[in-house]
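The values are calculated or read from the model by the stated rules, or taken from the named source; none is laboratory data. None of these values were measured; they are calculated from a predicted model. Here the Cβ is made from the backbone with ideal geometry for all residues, glycine too, and neighbour counts use every protein chain on show.
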Amino acid sequence: MELIPWFPALTTTGLLAAALWLGRNLIATRLTKSVEHEFNTKLETLRAQLRDSEERLKAELRAKEAEISALRSGALSALASRQAALDKRRLEAVDQLWSSVSALAPARALAATMSVIKFETAAPLAEKDPKTRQFFEMIGAGFDPRTLDQSGAAKARPFVSPMVWAIFSAMQAVTVHSVMRWQVLKGGLGSRDFADHEAINKLIKTALPHYAEYIDKNGPSVYYYILEALDSQLIAEIQKMLTGAEADKASIVQAAEILRQSNEVLKEVKAGEGTA
């Protein structure tokens, strides 16, 4: 009987507790869903931003790739154009150089005649005998060393290989040596040789090592035939240059030595011309 007064209070308390429990669960559920919704919304926004960034990055990469491709294409095109221009100029240089070789023909014809004359014997005779001097003047009738046009070779030099220029220079030196000896005989200047034939021999042996024994045995009397060998060597070096063959270190050193010796011989000859 005493529990009856407490029953309403217990019922009210129980209902209130149940209501509080349900309310708490409802609030927790709603908060969870709200947070989850907000998280999903932000996640989708972030994903969208990442997709946009990825697309922009891809677009930028494609643009840069196109730019690099254009630059590469332009560079290759310019390189090809420069190479074509260089190849064309190199062919022109070969023509210019060979024109200078052809211009040496009168001097080489004189060198052919001088190859059968013993300079050491003829020089004293020419010094004393006017008829001997006249004979040598007739040998080179119409030839004037000053008319030799070598300007084409000078224009060609920057565009030919070191070995091509060295062989051509050796050819010039050997030819000019023979011409100078003819001038000495024609002028009756005695046995004085304005270019040391030992220097010429050394030059030839540097340019054509396989002719060393031949030169040591025969000396200046075979210079004309050496010119023919230099012709063949020059053609071979021109062909090598035009095919793009790279010069090795030994060839470069050899070319430099040939050129140095050629310049020394030509310098001696020019000094002799001034004296004569």
Matching option when the condition is in a helix (DSSP H, G or I), modelled with pLDDT under 65 and over 30 Å from Asp231 (Cβ atoms), among Leu26, Leu76, Leu61, Leu43: Leu76
Residue within segment 235-244 that is at pLDDT below 80, of a type outside the set (D, E, K, R), surrounded by fewer than 16 Cβ atoms within 10 Å (Cβ to Cβ) and more than 28 Å from Asp144 (Cα to Cα) present: yes
Test: residue in segment 209-232 that is within 16 Å of Trp165 (Cα to Cα), assigned to a loop (DSSP other than H, G, I, E, B) and assigned by TED's automatic domain parsing to the domain that holds Asn263: no
Criterion violated by Gly244 - all others in (1) part of a helix (DSSP H, G or I); (2) over 30 Å from Arg133 (Cα atoms) satisfied: (1)
Qualifying position, being modelled with pLDDT under 90, in a helix (DSSP H, G or I), under 18 Å from Pro106 (Cβ atoms) and not basic (Lys, Arg), among Ala141, Ala173: Ala173
Residue that is farthest from the chain's Cα centre (by Cα) [pool: residues in segment 170-194 that are small (Gly, Ala, Ser) and surrounded by 23 or more Cβ atoms within 10 Å (Cβ to Cβ)]: Ser178
